[in-house]
Amino acid sequence: MYVVILGAGKVGFALARWLVTSDHEVAVIDWDPSRCAALEDELGGISVVGDGTDAGVLARAGCNRADVFVGAGGVDEDNLIACQLARHRFGALKTISLVNIPEHEALFALLGIDVTVNATDMIVGRLKEELSGAAILDLEEMR
Amino acid sequence: MLPALNWTSPGSRRAVIMGCGQIGSSIAGILAEDGWSLHMIDLDPAAFSLLPAGMMNDGQVVAIVGDGTLESDLRKSSTQDAEVFVAVSGKDARNALAAQIAKHVLQVKTVICRVNDPASKEMYEQFGIVTVSATALVTDMILQAARS
């Protein structure tokens, strides 16, 4: 499988590492040369420095033969536009996008993103679990 | 003063402009002179100082500080009741996201989006969005001038 990832931040880096160790082919796009350098130190020459919403940069990352495109950046509009270009201009088979602003989750689905991952709601949901029930009782006792 | 959230002149044509930079404020000035009612949306309150002085006094042009990439802020700007939505901020991706909300969620009839990268033009037109690329326009004009 060939996967192109937008964003060499925490999520993009960890995902790329997992894909490489699982014997998949990966390219990671990030505008920040230092993040790309850090990625390459560990995983080899798989990064492309540039703006992932620019069709030329997506072409350099080999999007025309991508099976999956993952928008893993911290800026929702960049993830959306990159995913849409990957699908409509380059023919990526599947698009997955991180959603940083929860309000955007339903919208991204409506606009044709195959899978959305709403990080904020997932984290808050997990925290709510921890803070409900027994955890709250413990806190009450501590007062 | 709180911005007026409803259109003040019921009979006039209505447009919402996202991005109150040089382009957005120029378009606003011309449309307002033609009698349109306008809502301007920009993240930066200082951006509205580019609007021609006096235009906001009668409520024909309403300035709203907000994020045009959020449906909630576009609704505050009455985009759902507009005939035209224009996205002319400096960032292509923000313009493209706002334009798609206006077109596909808020069902605005005419949606115009500024993009610098002409390569994405075709895709947006498939989505029903009119794109204008300053890069392409300027290139054409320079080539025309050079060849004449």
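For segment B:80-89, indicate whether the set of residues that are under 12 Å from the mean Cα position of the chain (by Cα) and free of Cβ contacts under 8 Å to residues at least 60 places away in the same chain is non-empty.
No.
Can you find even one residue in segment B:138-147 that is modelled with pLDDT under 95, away from chain A (no Cβ under 13 Å), outside any loop (DSSP other than H, G, I, E, B) and within 20 Å of B:GLY21 (Cβ to Cβ)?
Yes, segment B:138-147 has at least one match.
Being under 11 Å from A:ASP76 (Cβ atoms) and at pLDDT 95 or above: is that true of A:VAL115 here?
no
Return the residues of segment A:96-119 that are within 13 Å of chain B (Cβ to nearest Cβ) and not in a loop (DSSP other than H, G, I, E, B); say none if nothing qualifies.
The answer is A:SER97, A:VAL99, A:HIS104, A:GLU105, A:ALA106, A:LEU107, A:PHE108, A:ALA109, A:LEU110.
Would you mention how many residues in segment A:36-78 are more than 14 Å from chain B (Cβ to nearest Cβ) and in a helix (DSSP H, G or I)?
Summing the residues that are more than 14 Å from chain B (Cβ to nearest Cβ) and in a helix (DSSP H, G or I) in segment A:36-78 gives 9.
Are any of the residues in segment B:116-137 more than 14 Å from chain A (Cβ to nearest Cβ), more than 20 Å from B:CYS20 (Cβ to Cβ) and part of a helix (DSSP H, G or I)?
Yes, the conditions are met somewhere in segment B:116-137.
Tally up the residues in segment A:102-114 that are touching a Phe, Trp or Tyr at 6+ places or on another chain (Cβ under 9 Å) and exposed (fewer than 13 other Cβ atoms within 10 Å of the Cβ), please.
The number of residues fulfilling the criteria is 0.
For residues in segment A:11-35 being assigned to a loop (DSSP other than H, G, I, E, B) and not aromatic (Phe, Trp, Tyr), which is nearest to A:ASN100 (Cα to Cα)?
The residue in question is A:ASP32.
Which ones in segment A:1-10 are outside any loop (DSSP other than H, G, I, E, B) and surrounded by fewer than 16 Cβ atoms within 10 Å (Cβ to Cβ)?
Passing the criteria: only A:LYS10.
Within segment B:1-108, which strands (runs of 3 or more DSSP E) (wholly inside it) include 3 or more residues that are crowded, with 20+ Cβ neighbours inside 10 Å and of a type outside the set (A, V, I, L, M)?
B:37-42
The values are calculated or read from the model by the stated rules, or taken from the named source; none is laboratory data. Note that the structure is predicted; figures quoted are calculated from it, not measured. Glycine also receives a Cβ, built like all others from the backbone with ideal geometry; neighbour counts cover every protein chain displayed.
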